[in-house]
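The values are calculated or read from the model by the stated rules, or taken from the named source; none is laboratory data. Note that the structure is a prediction, hence the values are computed from the model and not measured. We place every Cβ from the backbone using ideal geometry, glycine too, and count neighbours over all the protein chains shown.
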Amino acid sequence: MALVTTKEMFKKAYEGGYAIGAFNTDSLDIIPAVVAGAASVNAPVIIAVSESAARAVGPGYVVSTLQAAAKTTDIPIALHLDHARSPEFCKECADLGFTSVMIDGSFLDFEKNIEISKDVADYVHTRGVVVESELGAITGVEDDIVVDEKYGAFTRPQDVVEFVSRTGIDSLAIAIGTAHGAYKFKPGENPQLRFDILEEIQEKLPGFPLVLHGASSVPKDRLDIFNKYGGQLPEAIGIPGEMLRKAASMAVCKVNVGTDIRVCWLGEFRRQLAEQPSKYEVVKVTDAARKAVAEMVAARITNVLGCNGKA
Ligand SMILES: [Zn+2]
């Protein structure tokens with residue numbers, strides 16, 4: 001199957017009360033793992049590549065790999081550029097074959113955010129590509145984007161109608177208490193999502209797909225493997241699955257999972273290298289990491305997002 005946009009996926013997800021997983025792939029090797037995981041549970045899937053990862057790998061390589069992956073399966077696959085701050089890079093990726101781009105102007109003031117979001121939307125729509133923008137700040141660390149927790153702010157429901165209508169975007173990332181990075185919440189803290197804000201936004205934008213970023217669950221078993229073999233990530237807890245399920249039953253159609261993929265992939269690398277110190281066949285390490293990521297993706301889709309069987 002050819003790569004698709006998220007339009008049809010989101011429409012079905014909204015009506016069906018589930019969400020599609022957008023899994024961050026920082027290296028080309030991770031792409032077949034995520035696709036295999038989603039295919040094993042017959043789920044549509046979004047491959048997300050951050051601006052810095054796409055620049056590091058080369059966006060053309062990403063597109064070619066995804067096109068090859070799409071030929072191996074019948075599940076719908078969208079290729080999404082995550083957190084791009086450069087409108088030019090969004091346009092370049094749309095021209096190359098990405099089917100969805102996120103222009104992140106959340107660090108700008110409201111008018112400037114509208115301006116760059118509309119600029120990207122106007123351009124990529126003529127190529128049949130969809131656009132996501134962000135309103136409000138999601139705290140934590142993603143990539144090289146650092147949002148000071150002190151300035152983190154929830155999305156203001158009174159802004160969303162004007163923002164969506166003036167920009168022409170296709171989906172909106174909102175800030176309701178999720179956080180980027182591996183350190184989301186300390187053990188003992190009680191993560192809370194502001195479902196009251198989500199509900200207000202949903203009422204103001206009926207039928208419009210919303211996106212949750214920073215929604216990894218940071219599973220303890222994977223964090224333990226990462227740390228047992230030399231990693232040094234602090235104990236942390238992510239967003240509980242039941243909260244994500246509730247958001248997915250509402251207007252949230254896309255849930256971004258980045259940290260979990262990174263911790264799973266590199267944790268498995270660490271274990272393989274530590275347990276087989278004399279082995280130097282790269283494929284032995286990458287095979288194990290691919291298998292671990294595929295299993296995690298399938299579990300997340302089935303246990304949390306609910307889009308299994310929806311391909
Ligand atoms: Zn994000």
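Screening region 134-157 for residues that are of a type in the set (Asp, Glu) and either in a strand (DSSP E or B) or at pLDDT 85 or above (or both) and picking the one that is nearest to LEU3 (Cα to Cα) gives GLU134. Evaluation of SER171 against the conditions (1) within 15 Å of the ligand (Cβ to nearest atom); (2) under 28 Å from LEU266 (Cα atoms); (3) touching a residue at least 60 places away in the same chain (Cβ under 8 Å) shows that the sole unmet condition is (2).
Among the residues of region 215-230, those identified as over 19 Å from THR178 (Cβ atoms) and either charged (D, E, K, R) or not in a helix (DSSP H, G or I) (or both) are ASP221, ASP224, LYS228, TYR229, GLY230. Given the structure, is SER64 assigned to a helix (DSSP H, G or I), among the small types (Gly, Ala, Ser), surrounded by fewer than 22 Cβ atoms within 10 Å (Cβ to Cβ) and within 16 Å of the ligand (Cβ to nearest atom)? So SER64 fails the test. Scanning region 2-59 for residues that are part of a loop (DSSP other than H, G, I, E, B) and of a type in the set (Asp, Glu) yields a total of 2. Each residue in region 37-94 was checked for being small (Gly, Ala, Ser) and either under 24 Å from CYS253 (Cβ atoms) or in contact with a strand residue (DSSP E or B) (Cβ under 8 Å, 6 or more places away or on another chain) (or both), and 14 of them qualify. Per the listing VAL160, VAL124, VAL131, VAL101, the residue uniquely under 30 Å from SER64 (Cβ atoms), more than 16 Å from the ligand (Cβ to nearest atom) and at pLDDT 95 or above is VAL124. Within region 264-303, the residues that satisfy the criterion of being among the aliphatic types (A, V, I, L, M) and surrounded by fewer than 24 Cβ atoms within 10 Å (Cβ to Cβ) are LEU266, LEU273, ALA274, VAL282, VAL283, VAL285, ALA288, ALA289, ALA292, ALA294, ALA298, ALA299.
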